[in-house]
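Structure record follows, encoded as structure tokens.
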Amino acid sequence: MNSWTKRAATTVSGMALVAGGLLAGAPSAQAAGACASDALCIYDGSAFTGKKISSRSTNSCFSTSSYDFDWIASYKNNLPVKAIVWVPHDKYPWFREARTFPAGGFSSRIGVDGLGGEYYDQVCMGNAKPWG
């Protein structure tokens, strides 16, 4: 093999490694779907697909039933505070914690069918509680 062939082979190999590195890095860069860097985003499809509800509040609650939304299948929490999904139950204070989404956390498939899909279910950020 002459020196030109060796250099060409080395260059092609190097380019393949760089391209492979870029491709391997791409899914993690896009893994959380389109969610603002200062928001909580919940999706009714796994892998950050389907309908999305987004909130930038760090101390309030919202009900998914106020939106055209099924139930929480995946989430990305870019807020500096945790978010908690609260569901009603028959004992005071009438709601219980069903799931916590930690600050900076995400899941492409939370695996809890129906979470956040009932009429009175609430998602609260920070220290907010569904009862006020």
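Computed from the coordinates by the stated procedures, all read-outs in this text should not be read as laboratory data. Just so it is clear, the model here is predicted, and its values are computed rather than measured. Reconstructed Cβ throughout: ideal geometry from the backbone, glycine too, with neighbour counts over all protein chains shown.
Structure values in brief
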read-out	value
Sites matching trypsin sites (Lys or Arg not before Pro) across region 66-132 that sit in DSSP coil, with at most 13 neighbouring C-beta atoms within 10 Å	LYS91, ARG109
Pairs beyond 22 Å (Cα-Cα), from LYS82/LYS129; LYS52/LYS91; LYS52/LYS76	LYS52/LYS91
Neighbour-count ranking [beta-carbon atoms within 10 angstrom, fewest first] of ASP44, ASP38, ASP70	ASP38, ASP70, ASP44
Pair LYS91, ALA36: separation of 7 Å Cα→Cβ label points (nm)	3.9 nm
